[in-house]
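Take a look at the structure set out below.
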Amino acid sequence: RETLAAAGIAHKRTRPYRPQTNGKVERFNRTLLDEWAYARPYRSETERREAFPGWLHTYNHHRGHTALKGQPPASRVPNLSGQYS
């Protein structure tokens, strides 16, 4: 709370599982489950967690998104130098 206040950020909450108010997050959560968490069987939770950074990189830098006309999210963010080179 203090960190948000110090940065001048207002914390707002939405109702969970309510796509009308939280659609992008709900879609990301669904994609996360379908394409990473349960996409294949993992031998352990550690193995699943180790697979996450690679999946997230692919999601942000290589996987096209229909809302972005087939471009990955990273194409919309300038100055990503030094990240995922």
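Computed from the coordinates by the stated procedures, all read-outs in this text should not be read as laboratory data. Nothing here was measured: the structure is a model prediction, and the numbers come from that model.
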Stretched out fully, how many nm does the piece from T31 to R13 gain, at 0.36 nm a residue minus the Cα gap? 4.3 nm
What percent of all Cα-Cα pairs in the range 1-51 falls into each 5 Å bin, going from 0 up to the bin containing the maximum distance? 5, 17, 15, 12, 14, 15, 14, 7, 2
Tell me which residues come under 5 Å, amide H to amide H, from Q71 once H is placed; ignore anything under 5 positions away on its chain. H65
Rounding to the nearest 10 and keeping the result within 0 to 90°, find how far the Cα-based axis of helix 45-61 lies from the longest principal axis of the chain. 70 degrees
Give me the base-10 log of I(q)/I(0) for the chain at each q in 0.21 Å⁻¹, Debye formula, one uniform scatterer per Cα, rounded to two decimals. -1.14
Report, in deg cm²/dmol and to the nearest 500, the calculated mean residue ellipticity at 222 nm for the chain, where each DSSP H run with n ≥ 4 adds -39500 (n - 2.57) and the sum is divided by the residue count. -13500 deg cm²/dmol
